[in-house]
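We did not get these values from a lab; they are worked out from the coordinates using the rules stated. Everything quoted here is computed from the prediction, not taken from an experiment. With ideal geometry, Cβ positions are generated from the backbone for all residues, glycine too; neighbour counts draw on all protein chains shown.
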Amino acid sequence: MIQEKYFMICLQAAISKIPRNLLMCFVTLGICVVLGMLAALLRTYRLPVISKLLDVFIALCKAFPANLILLICIMVYTYKFNDFAAFFHLKMSIRDVNLIYIAVIGLTIVSFPGISEVLRSGLIAIPRGQFEAGYAVGMTAFQTFRDIIFPQMFRVVIPPLTNSILSLLKMTALVNVMGVSDILKSATDAATESYAYLEAYTAAALVFWVLGIVIEQISKMLEKYFAKSVKQIA
């Protein structure tokens with residue numbers, strides 16, 4: 001049976017780390033969207049050499065488990081950062097860097113392939129004639145993409161991108177292997193003295209579940225908004 005007293009202690013500890021998990025999630029998401037959009041454009045329109053290199057890199061990233069990539073990142077940081085700083089004459093040591101930055105790098109490597117593929121699928125879904133329509137009215141390639149292609153693409157990718165965000169949020173629970181305190185680690189740390197690990201895991205699961213519901217609801221609101229705007233245009 002779950003003991004209410006210990007459950008509330010673990011729940012409070014888990015809730016205190018929500019801002020940190022959300023920070024890691026959405027900073028990583030922002031980086032992945034920017035890099036993923038660039039990679040999606042290069043791969044969709046097959047820029048020579050670079051598109052093939054990106055194909056190989058994304059395939060490699062997909063092949064490795066998330067926790068393995070995070071462990072590699074923290075090991076490289078631990079053993080090589082001081083050498084890296086010395087080589088570039090940086091006046092800082094390993095102790096001056098917050099581990100959350102290393103966690104974001106690791107999460108970006110893990111999430112980049114999936115988010116890039118989602119964005120590429122959105123690009124492929126837009127007929128090439130849309131570009132020609134933009135050029136026909138005198139718009140540049142950038143203006144065409146910004147004003148015609150991107151709004152349509154964003155509407156298409158909302159559902160799969162939401163799944164990627166939820167996966168990324170759940171993946172933030174793995175950063176404890178890097179020594180970063182998050183929702184799960186904070187809850188289990190609170191359970192150490194009383195050995196109330198069932199309560200800790202239940203509390204962490206509840207927090208992730210609520211966060212997932214909130215993200216799902218925001219996604220549905222965005223879908224309704226864009227669907228409504230399309231109907232008004234029609």
So the angle from the long Cα axis of helix 18-44 to the longest Cα principal axis of the chain, reported in degrees to the nearest 10, equals 30 degrees
Summing -39500 (n - 2.57) over every DSSP H run of at least 4 residues in the chain and dividing by its residue count gives a helix-only mean residue ellipticity at 222 nm, to the nearest 500 deg cm²/dmol, of -26500 deg cm²/dmol
Per GNM of the chain with C-alpha springs under 10 angstrom, the most fluctuating residue out of Ile50, Ile109, Ile100 is Ile50
Here the range 205-218 yields Karplus 3J(HN,Hα) values (6.51, -1.76, 1.60; θ = phi - 60°; whole Hz; Gly and Pro given as x) of 4, 4, 5, 5, 5, 5, 4, x, 4, 4, 5, 4, 5, 4
Length gained if Ile218 through Ile94 is fully extended, taking 0.36 nm per residue and subtracting the Cα-Cα distance, is 40.8 nm
Ordering 40-46, 178-184 by per-residue average of other C-beta atoms within 10 angstrom, highest first, gives 178-184, 40-46
Once the mean of 1/r over all distinct C-alpha pairs in the chain is inverted, the Kirkwood radius in Å reads 20.3 Å
Percent relative contact order for the range 18-180, counting Cα pairs under 8 Å at least six residues apart, stands at 36 percent
Rounded to whole angstrom, the alpha-carbon centroid of the range 161-214 lies from that of the range 1-63 at a distance of 15 Å
Those trypsin sites (Lys or Arg not before Pro) from the range 144-228 that are DSSP loop and have at most 14 other Cβ neighbours within 10 Å turn out to be none
Per the rule of 0.36 nm per residue minus the C-alpha distance, extending Ala63 to Met75 adds in nm 2.4 nm
In this structure, the FRET efficiency calculated for Ile124 and Arg146 from their beta-carbon separation, with R0 = 22 Å, to the nearest 0.05, is 0.75
Under a Gaussian network model of the chain whose springs join Cα atoms within less than 10 Å, the largest fluctuation of Leu107, Leu168, Leu71 belongs to Leu71
